[in-house]
Amino acid sequence: MAIDPTLPYDENNIFARILRGELPCKKVHEDDHALAFHDINPQAPTHILVIPKGPYVSWDDFSARASADEIAGFIRAVGQVARDLGLVEPGYRLLANIGRHGHQEVPHLHVHLFAGKPLGPMLAG
Ligand code: 5GP
């Protein structure tokens, strides 16, 4: 079910628990500002989630409250993951779902990185 992105940050959401090491993940990148790991239910041959380490519910919350260092670190991490995985050429897709109409399910900001085949038109349905 889609979350309400205006609610306060939930310290026990699944990605907070992954960040604390309480739940496992298949990690592909970690630095001071970001963690990247494989999605548990991949929608493309490569499907990575990149999350900031700070407690931000959504892109909206992050863009409003995060420091310039956190924002730069997170954005750079997304690009670094794509380069490290060799995705710049042939290309990839980034997606961030926000709130109800965006169908966001986990209330910790995450950017989806899809790759590994031609991804087709931007939106289905
Ligand atoms: P959203 O709809 O919020 O943008 O996407 C949430 C994503 O998190 C989904 O693609 C879902 O498969 C993924 N996900 C949910 N729980 C877990 C988990 O415990 N581990 C990992 N690696 N991914 C998860």
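Values computed for the structure shown
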read-out: Filter pass, LEU94 being open to solvent by less than 30 Å² (accessible area, probe 1.4 Å), of a type in the set (A, V, I, L, M) and within 13 Å of the ligand (Cβ to nearest atom); value: no
read-out: Cross-chain or 6+ apart pairs with Cβ under 7 Å, region 22-40 first and under 19 Å from ILE71 (Cα atoms), then surrounded by 14 or more Cβ atoms within 10 Å (Cβ to Cβ) and basic (Lys, Arg); value: HIS33/LYS53; ALA34/LYS53; LEU35/LYS53
read-out: Residue check, ALA34 in contact with a Phe, Trp or Tyr (Cβ under 8 Å, 6 or more places away or on another chain), closer than 23 Å to GLY116 by Cβ, at pLDDT 95 or above and away from the ligand (no atom under 13 Å from the Cβ); value: yes
read-out: Residue, farthest from the ligand (Cβ to nearest atom), within region 41-60, restricted to residues that are without any contact (Cβ under 8 Å) to a residue 24 or more places away in the chain and not polar (S, T, N, Q); value: GLY54
read-out: Any hit, region 61-82, residues being open to solvent by 20 Å² or more (accessible area, probe 1.4 Å), within 15 Å of the ligand (Cβ to nearest atom) and of a type in the set (A, V, I, L, M); value: no
read-out: Residue count for region 7-21, restricted to those that are part of a loop (DSSP other than H, G, I, E, B) and either free of Cβ contacts under 8 Å to residues at least 60 places away in the same chain or open to solvent by less than 80 Å² (accessible area, probe 1.4 Å) (or both); value: 8
read-out: Any hit, region 111-120, residues being farther than 23 Å from ILE3 by Cβ, modelled with pLDDT under 95 and surrounded by fewer than 16 Cβ atoms within 10 Å (Cβ to Cβ); value: yes
read-out: Count of residues meeting criterion [touching a Pro at 6+ places or on another chain (Cβ under 7 Å) and farther than 17 Å from GLY79 by Cβ] in region 17-58; value: 2
read-out: Qualifying residue in region 2-22 (condition: touching a helix residue (DSSP H, G or I) at 6+ places or on another chain (Cβ under 6 Å) and under 23 Å from PHE114 (Cβ atoms)); value: yes
read-out: Residue match in region 36-58 (condition: buried (at least 17 other Cβ atoms within 10 Å of the Cβ), among the β-branched types (Val, Ile, Thr) and either more than 14 Å from the chain's Cα centre (by Cα) or part of a loop (DSSP other than H, G, I, E, B) (or both)); value: yes
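The values are calculated or read from the model by the stated rules, or taken from the named source; none is laboratory data. Remember, predicted model here, so these are calculated numbers, not experimental data. Please note: Cβ atoms are built from the backbone with ideal geometry, for glycine as well, and neighbour counts cover all protein chains shown. Heavy atoms of the whole protein, side chains included, go into the accessibility calculation; ligands, DNA and RNA do not. Shrake-Rupley method; radii C 1.70, N 1.55, O 1.52, S 1.80 Å.
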